[in-house]
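Note sheet for the following structure.
Every read-out reported here was derived from the displayed coordinates using simple, explicitly stated rules and does not represent laboratory data. This one's a predicted model, so the numbers in the text were calculated from it and none came from an experiment. So basically every Cβ, Gly included, is an ideal-geometry build from the backbone, and we count neighbours across all protein chains shown.
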Amino acid sequence: MSGILFLLSDFGSSDCYTAQMKGAVLSFFGEGVTMIDLTHSVSPGSISQGAYHLMTSVPRLPDGSVILAVVDPGVGTARRGLACRVGERIVLGPDNGLLSWLDADEVRILPPPGPGASTTFHGRDWFAPMAARFLVNPGWLSFLEPCTNPVTLQRGETVLSSGTITTAVVHVDTFGNCVLWASPEHLHGLRPGSVSVRQNRFSAALSITYENGAPGADVLLVPGSQGLLELAVPGGSARELLGLSAGDPVLIEEES
């Protein structure tokens with residue numbers, strides 16, 4: 001393995017939970033492990049937001065990485081723990097849909113928490129030691145029980161019709177850019193002229209940056225860095241202008 005552990009959670013930065021989870025890894029593994037935070041700013045309990053960050057980040061991480069993901073509103077309940085292999089990477093976390101937007105090659109069930117594990121902090125007392133074990137011995141995955149029925153989150157659909165694309169917002173980033181389920185390939189030569197949200201129509205133009213666009217366009221449609229189309233407003237926030245949140249439908253229409 002690479003010896004690199006990536007971490008994602010909804011713990012934020014105000015409490016000591018992230019440090020305690022890292023401490024549990026070090027207690028098992030000792031020195032020599034590199035830990036990198038993907039983010040700990042997932043909205044509290046937002047499984048879908050965590051799933052988005054994993055979906056877009058895991059394929060871009062080095063082979064041999066272990067990714068520890070904890071967004072776990074059902075902590076302490078009967079939900080299982082899972083480990084997924086995505087290429088040469090291992091991702092582990094709760095079986096609540098958090099890992100379900102990954103294109104996993106195999107999914108296996110983690111052994112249950114050991115004696116004395118806190119029922120309210122499985123990130124520290126269960127998932128962190130499991131992650132450390134995978135860093136030491138990634139081959140351990142093959143000895144775990146296969147999971148044939150993991151919990152899944154529904155993915156957003158993108159429907160192409162004559163001159164239109166119907167899709168939905170999957171994520172709104174810090175800058176107010178609205179990431180769509182649609183990819184640049186969905187355009188198929190369509191030149192966007194407008195975006196409609198809740199019967200409100202805004203002029204739109206395709207742009208390769210967040211600043212350039214057709215003069216007078218309200219919104220830019222940008223092929224974003226995560227492989228998905230984004231709605232952006234030069235010098236402003238698409239979230240504020242359009243009033244969008246994750247899950248909201250969006251209609252893109254061709255220029256007339």
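A Gaussian network model of the chain, with springs between Cα atoms under 10 Å, assigns the largest mean-square fluctuation among ILE36, ILE67, ILE47 to ILE36.
For the residues PHE143, PHE127, PHE134, what sequence is obtained by ranking on other C-beta atoms within 10 Å, fewest first? Walk me through the numbers on the way to the answer.
On the way: PHE143 9, PHE127 28, PHE134 23.
Placing the least packed residue first, the sequence is PHE143, PHE134, PHE127.
Which FRET efficiency value, to the nearest 0.05, do you get for THR166 and ASP103 by plugging their Cβ-Cβ distance into 1/(1 + (r/R0)^6) with R0 = 22 Å? Walk me through the numbers on the way to the answer.
Numbers: r = 24 Å, r/R0 = 1.08.
For THR166 and ASP103, the calculated efficiency is 0.40.
Note on ARG201 and PHE143: their simple-model spin labels are 6.4 nm apart, each label 7 Å out from Cα toward Cβ. For region 78-83, 3J(HN,Hα) computed residue by residue from phi via the Karplus equation (6.51, -1.76, 1.60; θ = phi - 60°) reads 7, 4, 8, x, 10, 10 Hz, glycine and proline entered as x. With both labels modelled 7 Å from their Cα along Cα-to-Cβ, the THR119 to SER225 distance reads 4.3 nm.
Seen against the Cα atoms of the chain and their longest principal axis, helix 47-57 is set at about 90 degrees.
In this structure the amide hydrogen of ALA168, modeled in the peptide plane, comes within under 5 Å of the amide hydrogens of TRP181, ALA182, VAL250, none closer than 5 places in sequence on its chain. Ignoring GluC sites (Glu not before Pro) that are buried or in helix or strand per DSSP, and keeping those with at most 12 other beta carbon atoms within 10 Å, what is the longest stretch of the chain between them? Result, exposed sites excluded: 32-156.
Using 0.36 nm per residue and subtracting the Cα-Cα separation, the extra length available between GLN20 and ALA78 on full extension is 18.5 nm. In this rough spin-label picture, where each label sits 7 Å from Cα along the Cβ direction, the ILE36-SER237 distance is 2.9 nm.
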